[in-house]
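The values are calculated or read from the model by the stated rules, or taken from the named source; none is laboratory data. Keep in mind that this is a model prediction, so the values were computed, not measured. Backbone-built Cβ (ideal geometry, glycine too); neighbour counts: all protein chains shown. Each accessible area value is taken on the protein alone, full model and side chains, heavy atoms only, with ligands, DNA and RNA left out. Shrake-Rupley method; radii C 1.70, N 1.55, O 1.52, S 1.80 Å.
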Amino acid sequence: MREGLFSGDTGNRCVVCKGSKMLCGKDRCPILVKHFAQLRARTLVDRLDIEGSSPPGVFVGQYGYPKVFVGPLIPPVTGDTEVMDTPEMWLGRSIDEIVDFRTQLVRGMHAVDVFDVETGGRTVDLVREMALAASPAEAEAEFQRKPRGRLVLDDEVQPFGPSAPLKSLDVGSIKVDHRIEKPFYDTDLRAREAVLDLYGDGVFLSRIQKAFSVGAFGLGRNRRFVPTRWSITAVDDTIGKQLREKVKRLPLIDEYRIYESWTLDNRFIVLLMPTSWRYELVEAWYPNTVWNPDGTDIMMISSHEFYGGRKDYAEIGGCYYAARLATCEHLLRLQRQAGCVILREAHSGYIMPVGVWNVRENVRNAYKGPHLSFPTLAAALEHIRTRLDIRMKKWLRTSRILADIRTQRTIEDYLPVEPQAKEAEGVG
Amino acid sequence: MFKARIKADVLREVITVVGTLVEEVKLNISSDGLSLRAVDPAHVAMVELVLKAGAFEELKATACEIGVDIDKFREMLKLARAGSVLRLSHDEDKNKLVVTIDNLTRRMSLVDTAGMSDPKVPNVNLPAKVRVKTEELNQGIRASESISDHIALIATADMFELSAEGETDSVSLKLPKDLLEALECKDTVKSLFSLDYFSNMVKSVGNAPSVTLNLGTDYPVRIEFDLAGGEGYVKYLLAPRIEND
């Protein structure tokens with residue numbers, strides 16, 4: 001509609017706007033948010049070395065696999081920096097806050113073959129040790145060049161700041177998390193068991209994932225570095241699968257339930273249904289959100305599984321596994337089995353991706369809150385209709401699980417009707 | 001009391017069928033043979049299976065119930081050589097099933113049958129009956145799998161059809177009466193089914209050369225075939241999908 005005024009590409013629009021007129025339709029200018037945060041980091045690290053308390057944080061890149069860059073994330077500040085790399089503590093913070101402290105994390109890069117976990121040299125040893133630390137570790141890094149200021153954004157990984165190749169790395173005394181230390185020294189314990197044990201011990205997922213990414217678990221000969229991006233989903237999937245098998249043995253819930261969470265302009269509606277285990281995550285991206293920057297239509301995408309699980313990687317990515325884990329956690333708390341459909345509306349305030357943790361913690365948050373109960377699917381959908389902007393019809397067209405529930409009959413439907421007939425289900 | 005000898009191939013047929021729908025099952029055993037009923041977790045399909053005494057090489061049993069884990073049988077059967085005969089006996093004191101193949105013995109812990117009630121079988125009246133070659137059915141299923149997640153089964157007075165509608169493509173397997181082993185159908189019937197379920201059921205058929213489908217309109221399908229060369233049978237019942245808008 002503004003084409004008459006400013007024909008041409010988006011670049012043009014931004015030049016005219018300069019972040020003041022919001023011509024692109026976003027709540028705040030993404031370029032400004034990025035730039036603002038970057039400026040702060042740049043003044044802090046405009047030099048060849050950095051000294052600070054690592055949260056502790058490490059990053060393993062994926063480009064060039066199996067030759068990858070590993071290294072610490074170090075902010076130019078000292079003190080209790082734990083929150084900077086602990087997504088479990090981020091819910092409720094604004095996108096600015098998260099971007100702000102993530103941008104301060106400078107990534108040191110050290111090239112290594114993924115299998116060189118034991119023989120990679122001193123820097124590799126220190127990075128691995130940092131990944132096991134129980135509390136922030138004092139670190140001092142020298143770089144080969146000044147860290148280049150760039151906020152790295154990724155749908156799966158939480159953002160982080162500028163990076164530079166490491167020249168040297170020094171780390172003060174590290175207090176290793178004794179819970180993680182045990183599987184680390186047990187080279188006969190499979191990575192899967194290690195992850196499950198630690199989760200059972202109440203270790204934060206972000207901690208398990210960090211240790212997992214530096215090859216801290218598994219049979220000795222199998223240990224290797226795992227790119228951070230992959231390790232997040234590996235941990236979510238491993239634990240989720242285990243919990244799911246437990247859930248599948250539990251009795252069904254006896255009603256339809258709706259939970260809700262709404263942060264960073266992401267709306268999550270969780271629907272639990274009195275059926276055997278099945279699960280779906282449906283996402284709707286408004287135009288001008290991260291992944292639908294120039295579109296004029298809402299984009300919808302979904303991944304699902306029925307009782308038997310799925311064999312291929314979910315189309316919508318790591319968030320599928322993160323939300324599935326949160327769902328299984330809740331069902332185990334309830335000691336009930338259910339079918340689950342999660343509907344996510346990403347609105348225009350969601351201007352940059354902040355990582356899979358956003359989905360996991362949001363869904364966990366939804367389950368923490370109160371829920372509404374409904375006797376039928378029709379009633380539940382009627383309520384959802386009032387909570388989401390996108391029309392129910394569109395959701396129903398996208399969701400495989402909802403389509404199945406509404407069309408698939410069950411054996412019980414053909415048994416003689418008992419006196420207390422069960423209520424009619426399904427919507428017209 | 002339960003003591004039997006049975007060919008690995010026969011037991012494999014049973015395990016394949018049951019494993020299509022459930023991971024644990026209660027076997028009802030008597031001197032007449034073995035029978036079971038099971039419903040899948042989503043309650044979309046059920047199976048009734050009977051293995052007559054004649055399917056066993058030897059059978060000594062008084063009426064009893066045994067709850068078994070299908071996976072454990074799968075593991076054992078993988079170890080069986082061609083033509084192996086398994087020995088099964090129920091150790092009542094320890095409540096274990098002792099399975100022996102050649103010189104190998106596994107003592108299997110059993111599943112508690114207390115929580116496993118026999119599912120009720122709906123009494124459905126299915127007007128059409130089609131007997132079709134397993135091979136033909138499998139071909140139709142394979143063609144449909146890349147196109148859609150559900151199929152239509154249609155019977156008329158002079159043919160049977162399996163069809164799938166995708167967004168861009170469609171598949172249809174049409175078998176006129178003379179290519180069918182039997183066709184009893186007055187009025188045209190048509191029902192939709194989940195391809196996943198139907199495909200898994202037909203894949204579990206094993207050695208039976210043909211399958212009987214009992215059909216109605218917007219109604220379940222009953223799939224029947226023989227086991228152990230006629231010394232047993234399987235009846236699957238699969239609930240339909242009904243498009244309601």
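So that you can scan it fast, the table gives a plain yes or no per residue for (1) of a type in the set (A, V, I, L, M, F, W, C); (2) outside the structural domain of A:Asp237 (by TED's automatic domain parsing); (3) under 16 Å from A:Val60 (Cβ atoms); (4) under 22 Å from the mean Cα position of the chain (by Cα):
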position: A:Arg93; (1), (2), (3), (4): no, yes, no, yes
position: A:Phe101; (1), (2), (3), (4): yes, yes, no, yes
position: A:Gln104; (1), (2), (3), (4): no, yes, no, yes
position: A:Arg107; (1), (2), (3), (4): no, yes, yes, yes
position: A:Val117; (1), (2), (3), (4): yes, yes, yes, no
position: A:Asp125; (1), (2), (3), (4): no, yes, yes, no
position: A:Pro136; (1), (2), (3), (4): no, yes, no, no
position: A:Ala191; (1), (2), (3), (4): yes, no, yes, yes
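Of all residues in the stretch A:150-168, at least one satisfies being outside the structural domain of A:Lys368 (by TED's automatic domain parsing), more than 27 Å from A:Asn365 (Cβ to Cβ) and hydrophobic (A, V, I, L, M, F, W, C). For the stretch B:24-34, indicate whether the set of residues that are within 15 Å of the chain's Cα centre (by Cα), more than 16 Å from B:Leu97 (Cβ to Cβ) and more than 14 Å from chain A (Cβ to nearest Cβ) is non-empty. No: zero hits. Among helices (runs of 4 or more DSSP H) entirely within the stretch A:332-401, having at least 3 residues that are open to solvent by 40 Å² or more (accessible area, probe 1.4 Å) and over 16 Å from A:Leu91 (Cβ atoms) singles out A:377-387, A:392-398. On the basis of being away from chain A (no Cβ under 14 Å), out of contact with any Cys (no Cβ under 9 Å at 6 or more places or on another chain), open to solvent by less than 70 Å² (accessible area, probe 1.4 Å) and part of a strand (DSSP E or B), does B:Leu237 make the cut? Here the answer is no, as B:Leu237 does not meet what is asked.
Annotation: B:Gly230 fulfils all but one of (1) more than 14 Å from every other protein chain (Cβ to nearest Cβ); (2) touching a residue at least 24 places away in the same chain (Cβ under 8 Å); (3) within 26 Å of B:Leu21 (Cβ to Cβ); the unmet one is (2). Of all the listed residues (A:Tyr320, A:Tyr307, A:Tyr279), the sole one being crowded, with 24+ Cβ neighbours inside 10 Å, within 14 Å of chain B (Cβ to nearest Cβ), closer than 29 Å to B:Tyr197 by Cβ and hydroxyl-bearing (Ser, Thr, Tyr) is A:Tyr279. Exactly one residue among A:Glu193, A:Glu181, A:Glu156, A:Glu140 is open to solvent by 20 Å² or more (accessible area, probe 1.4 Å) and in contact (Cβ under 8 Å) with a residue 60 or more places away in the chain, and that residue is A:Glu140.
This table checks each residue for (1) open to solvent by 40 Å² or more (accessible area, probe 1.4 Å); (2) away from chain A (no Cβ under 14 Å); (3) of a type outside the set (D, E, K, R).
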site	(1), (2), (3)
B:Ala152	no, no, yes
B:Glu161	no, yes, no
B:Lys177	yes, yes, no
B:Asn207	yes, yes, yes
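Where strands (runs of 3 or more DSSP E) sit wholly within the stretch B:39-150, those with at least 1 residues that are within 14 Å of chain A (Cβ to nearest Cβ) occupy B:45-52, B:64-69. Given the residues B:Asn244, B:Asn200, which is the only one that is open to solvent by 20 Å² or more (accessible area, probe 1.4 Å), free of Cβ contacts under 8 Å to residues at least 40 places away in the same chain and not hydroxyl-bearing (Ser, Thr, Tyr)? After applying the criteria, what remains is B:Asn244. When you check A:Ile258 against the structure, is it surrounded by fewer than 23 Cβ atoms within 10 Å (Cβ to Cβ), within 19 Å of A:Arg391 (Cα to Cα) and of a type in the set (A, V, I, L, M), yes or no? Against the criterion (surrounded by fewer than 23 Cβ atoms within 10 Å (Cβ to Cβ), within 19 Å of A:Arg391 (Cα to Cα) and of a type in the set (A, V, I, L, M)), A:Ile258 qualifies.
Note on the stretch A:155-208: residues that are among the aliphatic types (A, V, I, L, M) and assigned to a helix (DSSP H, G or I) total 8. Summed over the stretch A:223-243, the residues that are open to solvent by less than 20 Å² (accessible area, probe 1.4 Å) and in a helix (DSSP H, G or I) give a count of 9. With respect to the stated conditions, B:Leu11 fails to be surrounded by fewer than 20 Cβ atoms within 10 Å (Cβ to Cβ), more than 14 Å from chain A (Cβ to nearest Cβ), out of contact with any His (no Cβ under 8 Å at 6 or more places or on another chain) and not hydroxyl-bearing (Ser, Thr, Tyr). Condition check for B:Ser31 on (1) touching a strand residue (DSSP E or B) at 6+ places or on another chain (Cβ under 6 Å); (2) surrounded by 17 or more Cβ atoms within 10 Å (Cβ to Cβ); (3) polar (S, T, N, Q): one failure, at (2). Would you call B:Ala114 surrounded by 14 or more Cβ atoms within 10 Å (Cβ to Cβ), among the small types (Gly, Ala, Ser) and at negative phi? Considered against the rule, which asks whether it is surrounded by 14 or more Cβ atoms within 10 Å (Cβ to Cβ), among the small types (Gly, Ala, Ser) and at negative phi, B:Ala114 comes out as no.
Please determine, by comparing only the residues of the stretch A:68-89 that are touching an Asp or Glu at 6+ places or on another chain (Cβ under 9 Å) and farther than 16 Å from A:Leu166 by Cα, which one is surrounded by the fewest Cβ atoms within 10 Å (Cβ to Cβ). Out of the qualifying residues, it is A:Thr78.
With the requirement that a residue be crowded, with 21+ Cβ neighbours inside 10 Å and either under 23 Å from B:Ile6 (Cα atoms) or at pLDDT below 95 (or both), what does the stretch B:220-231 give you? Within the stretch B:220-231, B:Phe225, B:Leu227, B:Ala228 meet the criteria. With the requirement that a residue be out of contact with any Ser or Thr (no Cβ under 6 Å at 6 or more places or on another chain) and modelled with pLDDT under 90, what does the stretch A:294-307 give you? Matches in the stretch A:294-307: A:Asp294, A:Gly295, A:Thr296, A:Asp297, A:Ile298, A:Met299, A:Ile301.
With respect to the conditions (1) out of contact with any helix residue (DSSP H, G or I) (no Cβ under 7 Å at 6 or more places or on another chain); (2) in contact (Cβ under 8 Å) with a residue 60 or more places away in the chain, A:Asn266 lacks only one, and its number is (1). Would you check if B:Lys72 is open to solvent by 40 Å² or more (accessible area, probe 1.4 Å), within 21 Å of the chain's Cα centre (by Cα) and on the phi < 0 side of the Ramachandran plot? Here the answer is yes, as B:Lys72 does meet what is asked.
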